[in-house]
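Asks: Quick one: the structure is below, and I'll ask about it shortly.
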Amino acid sequence: MKRRLTFRPFLFALLLISPLVYGACPKDPATAYEQLYCDIQAKGGGSTLPSFEDFRRNSPQVQALLLKRPAARLGLSVPGPEAATSQSAKPSPPGTSERPKTEPESGPTPPPAVASAFEGCQLGGTVIRCPSARYELATNQANSALRAGVLDDDNRLGLSAYRGDLSDETAVRAYLSDAYDRYIAKMLEIGLGGTTMSFTRFYNSFRRHEAKGIDFAQRMDETFDYLKQDKRTLGVNRKPPDELPKSLKNCAPSGARVIVCDNVATNWVYVRD
């Protein structure tokens, strides 16, 4: 009988999301979402966004979903859907993102304008249905279902070390937002999409390690190696969790094809079909 995978208390890991190619912005964007798209590109934060033409073809709800994470990294707000069709609308001035500084009793609550990005989407247990996309809850996968080589020693996490000022919350948040996207993607890659940590726990782990003088990126690499070793030899629980998210209020896109929901204690990863 296979033993079930038992994670060491400190273990956690992540997938490299390949940047999408994006095109040039028009001189005069027609809507608030198009303007925000161009502002993000101008600030160098649009590596996960599709081309402008592909972006324009999406519904306002999906456009808002695509913009949410890169906007948050830059301290920009995503306007509500009522502004999505307004001519020459400008995004709100920089503000706080959904990223919490400390771990609350319940999951982080996005600002109202950002939460409206999910308007038109419906959460149905293991599925999130949006007007132009469907996302399915990821569970742990057997090794036979994985891409060849993902559990090999040379498949590394590959986070760069944080070299900025630890008191610069904006820089820390931007670094960890990118790192968390990689973490979630890498967990999916090695078949552990059903065993991930929330961003709040991820953030607090970074703060704890750095406060002790421990290189967070290096520790993440070591942890990822342990996860691969365990995954090669131990069985995993492939069933969906008994508890499922109750609303989209504590959900956020992670890249262009993933939505992550959490209540801090439990994390759920939904992947676009």
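The values are calculated or read from the model by the stated rules, or taken from the named source; none is laboratory data. Everything numeric in this text was worked out from a predicted model, so none of it was measured. Cβ sites come from the backbone with ideal geometry, for glycine too, and all protein chains shown count toward neighbours. Protein only, heavy atoms only, side chains kept; ligands, DNA and RNA dropped before computing areas. Shrake-Rupley method; radii C 1.70, N 1.55, O 1.52, S 1.80 Å.
Asks: In the range 192-212, what residues are within 20 Å of residue 244 (Cβ to Cβ) and not hydroxyl-bearing (Ser, Thr, Tyr)?
Replies: Result: 192, 193, 194, 197, 199, 201.
Asks: Any residue in the range 125-141 that is of a type in the set (Gly, Ala, Ser) sitting within a Cβ distance under 8 Å of a residue that is assigned to a loop (DSSP other than H, G, I, E, B)? List the pairs, counting only those 6 or more apart or interchain.
Replies: These pairs meet every condition: 125/244; 132/58; 132/59; 133/273; 138/193; 138/194.
Asks: Answer yes if at least one residue in the range 27-39 is outside any loop (DSSP other than H, G, I, E, B), among the charged types (D, E, K, R), open to solvent by 30 Å² or more (accessible area, probe 1.4 Å) and modelled with pLDDT of 75 or more, and no otherwise.
Replies: Yes, some residue in the range 27-39 is outside any loop (DSSP other than H, G, I, E, B), among the charged types (D, E, K, R), open to solvent by 30 Å² or more (accessible area, probe 1.4 Å) and modelled with pLDDT of 75 or more.
Asks: How do the pairs read when you match residues in the range 156-168 that are without any contact (Cβ under 8 Å) to a residue 12 or more places away in the chain with residues anywhere that are among the aliphatic types (A, V, I, L, M), using Cβ under 6 Å and keeping only pairs 6 or more apart or on different chains?
Replies: 164/171
Asks: Tally time: how many residues in the range 205-240 are assigned to a helix (DSSP H, G or I), open to solvent by less than 50 Å² (accessible area, probe 1.4 Å) and not aliphatic (A, V, I, L, M)?
Replies: The number of residues fulfilling the criteria is 12.
Asks: How many of the residues making up the range 147-190 are of a type outside the set (S, T, N, Q), closer than 22 Å to residue 257 by Cα and either part of a helix (DSSP H, G or I) or in contact with a strand residue (DSSP E or B) (Cβ under 9 Å, 6 or more places away or on another chain) (or both)?
Replies: Number of matching residues: 16.
Asks: From 261, 251, which residue is crowded, with 18+ Cβ neighbours inside 10 Å and closer than 13 Å to residue 65 by Cα?
Replies: Selected residue: 251, the only one of 261, 251 that is crowded, with 18+ Cβ neighbours inside 10 Å and closer than 13 Å to residue 65 by Cα.
Asks: Please tell me if residue 157 is over 20 Å from residue 72 (Cα atoms) and touching a Phe, Trp or Tyr at 6+ places or on another chain (Cβ under 7 Å).
Replies: yes
Asks: Residues that are surrounded by 14 or more Cβ atoms within 10 Å (Cβ to Cβ) and modelled with pLDDT of 80 or more: does the range 1-22 have at least one?
Replies: no
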